[in-house]
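Peer 1: My structure is below; once you've seen it, I'll send some questions.
Every number in this text was worked out from the coordinates using simple rules, so none of it is lab data. The structure presented is a predicted model; accordingly, all values stated were derived computationally and were not measured. Note that each Cβ is placed from the backbone with ideal geometry, even for glycine, and that neighbours are counted across all protein chains shown.
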Amino acid sequence: MKYLVKISIMPILFAILFFSGCSDDDEKPIVQLEATEVADLNSVSTKNFTLFSFKDNAVILNSDSNTTKWDVGFRGTTIILNGGSGGPGQAAGQIVTGIFDELTDAPETGYSLDNATAKAILGTNGWYTYTGTTALPNNAILPIAGRILALKTGDGKYAKVEIISYYQGNPDTTAPAFADLATRPAARYFTFRFIYQPDGTRNFETTK
């Protein structure tokens, strides 16, 4: 009888350890990858694009424009991607409507490449609105809330981007100082936040 008892206990102990391990895995929290904010990226040049790498969180020299070191380029309100006519990389993009923190997966389809006649990331009524002279603040470039840039990067990874401001210092665009062109901060300075997924998946979440 003692021998039989020992044999029957072993499967029970194994089952307890197995299900305990599974429980630990199931309880690992899923959290969003941390967003990085870039402030006052200078796109003042009327000739060269300011090239940016999400992987390195850094501006890339224009001498490397024919490489996959960069993902996106800024010049005024024009945004180019390192793919198609924009560069030699795999970058493509689209604008989706939603809340930045709630976009947990990049879209599977719907990406466009830059071409000779159109950019993948649209300007007016794409990521921004231009107020013109009929509304205050007049002649202003204002990012549209809820517009998220879903991007394939130059090296085939994924990123999501939210443009926060087009003016130096990310000013309050409802303030009187912004409405007055004489005191409005300089334009062509991008503030944006992004999440880059380095593992090649479309998912912007991970387990801890």
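Peer 1: State the three equivalent ellipsoid semi-axes of segment 29-207, derived from the C-alpha gyration tensor as the square roots of 5 times its eigenvalues, in descending order and whole Å.
Peer 2: 27, 19, 15
Peer 1: What are the extents of the Cα atoms of segment 54-93 along their three principal axes, in Å, largest first?
Peer 2: 22, 19, 18
Peer 1: While we're here: Within segment 40-76, list the trypsin sites (Lys or Arg not before Pro) lying in a DSSP loop whose Cβ has at most 13 other Cβ atoms in a 10 Å radius.
Peer 2: Lys47
Peer 1: Residues with beta-carbon under 11 Å from that of Asn42, excluding Asn42: net charge, scoring Lys, Arg +1 and Asp, Glu -1?
Peer 2: Residues near Asn42 contribute +1 overall.
Peer 1: May I ask you to compute the full-extension gain from Val96 to Ala35, defined as 0.36 nm times their residue separation minus their alpha-carbon distance, rounded to one decimal in nm?
Peer 2: Length gained, Val96 through Ala35: 20.2 nm.
Peer 1: Run the count for segment 29-207, please: Lys pairs, Cα-Cα under 23 angstrom, 8 or more apart or on different chains.
Peer 2: The result is 15.
Peer 1: Let me know the charge dipole size of segment 141-198 about its Cα centre in debye, to the nearest 20, where only the beta-carbon of Lys, Arg (+1) and Asp, Glu (-1) is charged.
Peer 2: Once rounded to the nearest 20, the dipole reads 240 debye.
Peer 1: How many nm separate the modelled label positions at Ala175 and Asn115, each set 7 Å beyond the Cα in the direction of the Cβ?
Peer 2: 4.4 nm
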